[in-house]
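The values are calculated or read from the model by the stated rules, or taken from the named source; none is laboratory data. These figures come from a predicted structure and were not determined experimentally. Positions of Cβ are generated from backbone atoms using ideal geometry, with glycine treated the same way; all protein chains shown enter the neighbour counts.
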Amino acid sequence: MTALIVAVSLLIGVSLGILGGGGSILTVPILVYLAGQETKEAIATSLFVVGVTSIAALVPHARAHRVRWRTGLLFGAFSMAGAYGGGRVAEYIPGTVLLLAFALMMLATAAAMLRRPRPGRERARPARTDLPLKHIAVEGLAVGAVTGLVGSGGGFLVVPALAILGGLPMGIAVGTSLLVIAMKSFAGLAGHLSGVSIDWGLALTVTAAAVIGSLIGGRVAGRIPQDALRKAFGWFVVAMGVFVLAQQLDTAVWTHPATWAALGAVATAAVVFRSRQHSKSPNRASESAVRARPLPEGGHRESTASE
């Protein structure tokens, strides 16, 4: 079992090194279901593991100049305040509720990862050096509070905020998010330590394996197509989120017809939403027809395979 925990912990580091997120999404289930820890202890331990691993993963990104330091430090400062508050509040919330919230966070994160961006969205906002201070404060406090409460929601919330609101290139958003994750993970850990004890032997073992994985991930970052990797990891997060929900919800809930009716309604809504989004995209067939139309003055453009 220890070998399995170490092997899976490598994936924690690889995920952080390549995507700038995903550490806690993997760490908490590993500690709960493989190491047998209590929920609150697993969340506190995950914050330590992810904090140390993020620092290690930050190094190769910093050497490659993929870190925006001012934005990261400001975002991290506000996130630390939110994470500390979330960690203190988590002491008064039942572990089952935290795990359910964690599973829902996983599914929401997966939906954001799998959602197809609208055509031209990346070019809609020009790249800027730093986020506006107002956006940094709001996003930082919100993301930090989520991290402190459920030990998750770090990079998969920070990276989109930096890329979309700040207009940062994806590679720089990933590198900068690692700085933010490290800062608020340690702040969230401080909030948890007042009511939770940590098995430091296990924490250090998982951390060591994750750090090795983060160095590997940091070196190969940029060489793997990010869209394909994000989609694959998104479906993996979906599977883990469903697994956590299945473990926490009572069997009677899953066998009740209302549950499946609700799930069917959600699935139907998702299909309708995706079909509408697809219908809004340009029609390739019409584009090809336009390209093949006769040009003025009797000229005619031949439609070729390369076009």
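Can you tell me how many residues within the range 192-215 are crowded, with 23+ Cβ neighbours inside 10 Å and small (Gly, Ala, Ser)?
Of the residues in that region, 3 qualify.
Please work out if Phe233 is at pLDDT below 80, aromatic (Phe, Trp, Tyr) and surrounded by 24 or more Cβ atoms within 10 Å (Cβ to Cβ).
No; evaluated as a whole, the condition is false for this residue.
If I filter the range 1-38 down to residues being among the hydroxyl-bearing types (Ser, Thr, Tyr) and surrounded by fewer than 23 Cβ atoms within 10 Å (Cβ to Cβ), which single residue comes out as modelled with the highest pLDDT? If you could, list the steps in order and put the result at the bottom.
Of all residues in the range 1-38, those among the hydroxyl-bearing types (Ser, Thr, Tyr) come to 2, 9, 15, 24, 27, 33.
Pick out the ones that are also surrounded by fewer than 23 Cβ atoms within 10 Å (Cβ to Cβ) and you get 2, 33.
Working: Thr2: 78, Tyr33: 86.
Among residues in the range 1-38 that are among the hydroxyl-bearing types (Ser, Thr, Tyr) and surrounded by fewer than 23 Cβ atoms within 10 Å (Cβ to Cβ), the one modelled with the highest pLDDT is Tyr33.
Just to be sure I understand the filter: pairs with C-beta atoms under 6 Å, separated by 6 or more residues or on different chains, first member in the range 52-66 and assigned by TED's automatic domain parsing to the domain that holds Leu16, second member polar (S, T, N, Q) and surrounded by 15 or more Cβ atoms within 10 Å (Cβ to Cβ). Which pairs pass?
Final answer for the pair search is Val52/Thr207; Thr53/Ser214; Ala56/Ser214; Ala57/Ser214.
Taking the range 1-58 only, how many residues are closer than 13 Å to Gly217 by Cβ and in a loop (DSSP other than H, G, I, E, B)?
3
For the range 56-72, indicate whether the set of residues that are closer than 19 Å to Ala137 by Cα and touching a Phe, Trp or Tyr at 6+ places or on another chain (Cβ under 9 Å) is non-empty.
No, that holds for no residue.
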